[in-house]
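Down below is the structure, laid out as structure tokens.
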Ligand code: 0X9
Ligand code: ZN
Ligand code: ZN
């Protein structure tokens, strides 16, 4: 049976998703973002308890080796559907959820079969033997700006030959555009580092006009996690000033092109002891932290209107 005591391959996650869709037919539906370079479907699940709710979009595992992100996304889906806890029921019933547990399907598969530390997509290049692009540098918003990505195909942060060279990034942008009126919070799940990062990534010199609000919402998230028995420290701040300049990311694209006001990159456990290879024994705790943080984040977002 599927659980959260080990990591699963794509095929197992997809089979689990099929089971969830079959078990909760009235409140779930599948959506397909598009196709990967290798021809896999990029699937998502929408959870909705009625029309006209505000939407929250979660993109997870854009970086292949960040396995804790899809483990957490599947756990979160399961909680939204089956938890009886009041705060979780409110989250589930008051919002429409769009969740893509494994976005970089080709890379994820490769990280299971060949190279546990694979990050990028799997499309080859005409001019290099190196494969793949950093999906989170390939979006057409300040693409390649301010040294926030690399123009070298062998780099881990290669931006691609052009913006949206990767079918995955292009498909996600098109899908998000098609539902742009339906969501107003965008979250991108990553590991590791225990950060909650607000836009922008592409520059240290500009901030969204609601920067203060984004930090206040961010503090609610980090404080909720710190108040759990694990007392895990998360740090919130803007991407470029807290972490590093990263241009062409999905979150920045959603802010700049879809004009959304609330969005974050969440970097899950840990701080580097295990890094991307977070032991399965920590999945459950990471997920509990995510839920506590999410409840606080959504609550504060609603408060600030
Ligand atoms: O570099 C990245 O893409 C992310 N960190 S990771 O170690 N998971 O690769 C940070 C993304 C920052 N977010 C934005 N640029 N908005
Ligand atoms: Zn190329
Ligand atoms: Zn990442």
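In table form, for the structure just shown:
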quantity	calculated
Among beta bridges that DSSP assigns inside the chain, antiparallel share in %, nearest 5	35 percent
Net length gained if the chain between residue 127 and residue 161 were fully extended (0.36 nm per residue, minus Cα distance)	11.2 nm
Extension gain (nm, one decimal) between residue 299 and residue 12, 0.36 nm per residue minus Cα-Cα	100.0 nm
Contour excess over end-to-end distance, with Cα ends at residue 242 and residue 94 and 0.36 nm allotted per residue	50.1 nm
Rounded, prolate or oblate (a/c below 1.5 giving rounded, otherwise prolate when a/b exceeds b/c) for the chain by Cα gyration tensor	rounded
Shape of region 45-113, Cα gyration tensor, a/c cut at 1.5	prolate
Overall form of region 185-305 per C-alpha gyration tensor (a/c, 1.5; a/b vs b/c)	oblate
Computed label-point distance, nm, for sites residue 281 and residue 2 using a 7 Å Cα→Cβ extension	2.6 nm
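No value in this document is a laboratory result; all are computed from the given coordinates. Quick caveat, the model's predicted, so the values are computed rather than measured. Glycine gets a Cβ as well: all are built from the backbone with ideal geometry, and neighbour counts include every protein chain shown.
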